[in-house]
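Notes to accompany the following structure.
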Amino acid sequence: MSPHLVFGEKHWSRRSLMSLLAGAAASTSAVLMSSEVRAQAGTWREYRNDELGFRVEFPVEPKIELEEAERGDVWIRSADAHVDVDQMTLGASSTEFRSAISAEDDDKLHRAGMNAGGMPVTREEAQIVSGVAARDFIRESDDLNYIHRRVVVGTKAFMASAIGDRSIHGHPTVRRFLDSLALLRGGR
């Protein structure tokens, strides 16, 4: 089965939605940095995918999932890396599509998907990733909180996200993780 759900005529990454929904099940109580993260604070690990053209740093070793599309899908391949740490999930992904997508269409699709899932975006912020316009989609609430940094270049869509309780919005681990997202030559 394709990892894409259909909303109207647009295709939305099932992996992105599932990652978001998995975060909803996480505890929303504020916690101090875990001893594992404190112990490894100086040993962040780079996840790099030269084929899809991006890199990001994680505070611990991420779980990696690579997937190839089936014939007839609108996408070609995808990469997903994620960790659960400090009562939050940090994830990065990239999907390569068969034809170019616009950032505007991707933004509309993301907003629609979050609304359809009952987790609407409460704020958006313009960002720059490797010299390319990007956007942070942010949800601040008493239950599920997220920050999704998204950037689209040609046929590729990239995302780094943090999901958890309110503390993610000022958490130094989240800031470092999101700011580490970079496009490589193959991603532009």
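Could you list, in sequence order, the residues of the range 127-137 that are among the small types (Gly, Ala, Ser) and surrounded by 18 or more Cβ atoms within 10 Å (Cβ to Cβ)?
Selection gives 130, 134.
Quick grid of which residues meet (1) at pLDDT below 95; (2) in contact with a strand residue (DSSP E or B) (Cβ under 8 Å, 6 or more places away or on another chain); (3) surrounded by fewer than 19 Cβ atoms within 10 Å (Cβ to Cβ); (4) closer than 23 Å to residue 61 by Cα:
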{"residue": "110", "(1), (2), (3), (4)": "yes, yes, no, no"}
{"residue": "125", "(1), (2), (3), (4)": "no, yes, yes, no"}
{"residue": "171", "(1), (2), (3), (4)": "no, yes, no, yes"}
{"residue": "178", "(1), (2), (3), (4)": "no, yes, no, yes"}
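Looking only at the range 86-108, which residues are surrounded by fewer than 20 Cβ atoms within 10 Å (Cβ to Cβ), of a type outside the set (D, E, K, R) and within 20 Å of residue 162 (Cα to Cα)?
Of everything in the range 86-108, just one residue is surrounded by fewer than 20 Cβ atoms within 10 Å (Cβ to Cβ), of a type outside the set (D, E, K, R) and within 20 Å of residue 162 (Cα to Cα), namely 87.
Looking only at residues in the range 138-155 that are surrounded by 22 or more Cβ atoms within 10 Å (Cβ to Cβ) and in contact with a helix residue (DSSP H, G or I) (Cβ under 6 Å, 6 or more places away or on another chain), which one is farthest from residue 88 (Cα to Cα)?
Among those that are surrounded by 22 or more Cβ atoms within 10 Å (Cβ to Cβ) and in contact with a helix residue (DSSP H, G or I) (Cβ under 6 Å, 6 or more places away or on another chain), it is 152.
Residue by residue through the range 150-160, note down the ones that are assigned to a strand (DSSP E or B) and of a type outside the set (Phe, Trp, Tyr). Outline the logic, then answer.
First pass over the range 150-160, keeping only residues assigned to a strand (DSSP E or B): 150-153, 156-160.
Selection gives 150, 151, 152, 153, 156, 157, 159, 160.
Report, by residue number, each residue of the range 166-180 that is of a type in the set (Gly, Ala, Ser), more than 18 Å from residue 80 (Cβ to Cβ) and in contact (Cβ under 8 Å) with a residue 12 or more places away in the chain.
Let us first name the residues in the range 166-180 that are of a type in the set (Gly, Ala, Ser), namely 167, 170, 180.
Keeping just the survivors that are more than 18 Å from residue 80 (Cβ to Cβ) gives 167, 170.
Residue satisfying the conditions is 167 alone.
Please pick out the residue among 128, 163, 147, 138 that is among the aliphatic types (A, V, I, L, M) and either outside any strand (DSSP E or B) or touching a residue at least 40 places away in the same chain (Cβ under 8 Å) (or both). Steps first, please.
Numbers: 128 fails: either outside any strand (DSSP E or B) or touching a residue at least 40 places away in the same chain (Cβ under 8 Å) (or both); 147 fails: either outside any strand (DSSP E or B) or touching a residue at least 40 places away in the same chain (Cβ under 8 Å) (or both); 138 fails: either outside any strand (DSSP E or B) or touching a residue at least 40 places away in the same chain (Cβ under 8 Å) (or both).
Only one candidate passes the filter, namely 163.
The values are calculated or read from the model by the stated rules, or taken from the named source; none is laboratory data. Values in this document were obtained by computation on a predicted structure and should not be read as measured data. Note that we place each Cβ from the backbone using ideal geometry, even for glycine, and neighbour counts take in every protein chain shown.
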